[in-house]
Amino acid sequence: KVFKVSPAELPDVTVGSCVDVQRGTAPSAAAKRITVSARGNGKCAEASTDKRLRGQVTAINGNSVTVANAPSAITVDQKTTYLKQESVSALAITQGSCLSASGSLDPGRVLQAVSATIVPPAANGLCPGV
């Protein structure tokens, strides 16, 4: 599987979409980042921790986003950043792409990737993690 992550905006967050929310530092703080993605196998992954929330958007009201099975609505503000993740062909991986991959190393220490994600470069132009 190959995915591409690109910048998005609040209007990309719609009722029924799947989201991965990086929460703010305090429980009532606005979300730091929301990543919108397509449903995998027709469903949204659901998970919740103090710092992260994943699930399906059930309502949007102004600066408030409600996610299924979340204890409360998520607040967004002008500092919240948005990304969208979509499935793409392996041909989308080009020289100079920033890439995050997961899988296992074979005996020759070559990564046998199960998934790869093309990510945008950081503000400094470097790939994240470099």
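The values are calculated or read from the model by the stated rules, or taken from the named source; none is laboratory data. Since the model is a prediction, treat every value here as computed from it, not as a measurement. Because the Cβ atoms are built from the backbone with ideal geometry, glycine has one as well, and the counts that use them run over all protein chains shown.
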Q) Taking into account only those residues within region 59-82 that are touching a helix residue (DSSP H, G or I) at 6+ places or on another chain (Cβ under 9 Å) and outside any strand (DSSP E or B), which is surrounded by the most Cβ atoms within 10 Å (Cβ to Cβ)? A) Val76
Q) Looking only at region 83-130, which residues are part of a loop (DSSP other than H, G, I, E, B) and either surrounded by 13 or more Cβ atoms within 10 Å (Cβ to Cβ) or touching a Leu at 6+ places or on another chain (Cβ under 7 Å) (or both)? A) Val88, Ile93, Ser97, Pro120, Pro121, Cys127
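For region 45-66, what are the residues that are among the hydrophobic types (A, V, I, L, M, F, W, C) and over 27 Å from Ala116 (Cβ atoms)?
Going through region 45-66, the residues among the hydrophobic types (A, V, I, L, M, F, W, C) turn out to be 45, 47, 53, 57, 59-60, 65.
Scanning region 45-66 gives Ala59, Ile60, Val65.
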**Q.** Residue count for region 54-99, restricted to those that are of a type in the set (A, V, I, L, M), in contact (Cβ under 8 Å) with a residue 60 or more places away in the chain and under 21 Å from Val2 (Cβ atoms)
**A.** 5
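Of the residues Ala90, Ala101, Ala123, which is within 21 Å of Asp20 (Cα to Cα) and not polar (S, T, N, Q)?
Values: Ala90 fails: within 21 Å of Asp20 (Cα to Cα); Ala123 fails: within 21 Å of Asp20 (Cα to Cα).
Of Ala90, Ala101, Ala123, the one residue that is within 21 Å of Asp20 (Cα to Cα) and not polar (S, T, N, Q) is Ala101.
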Q) Does any residue in region 3-26 that is part of a helix (DSSP H, G or I) come within less than 6 Å, Cβ to Cβ, of a residue that is buried (at least 16 other Cβ atoms within 10 Å of the Cβ) six or more places away or on a different chain, and which pairs are these? A) Asp12/Val36; Asp12/Lys84
**Q.** region 42-71, residues that are hydrophobic (A, V, I, L, M, F, W, C), modelled with pLDDT of 90 or more and in contact with an Asp or Glu (Cβ under 9 Å, 6 or more places away or on another chain)
**A.** Leu53, Val67, Ala68
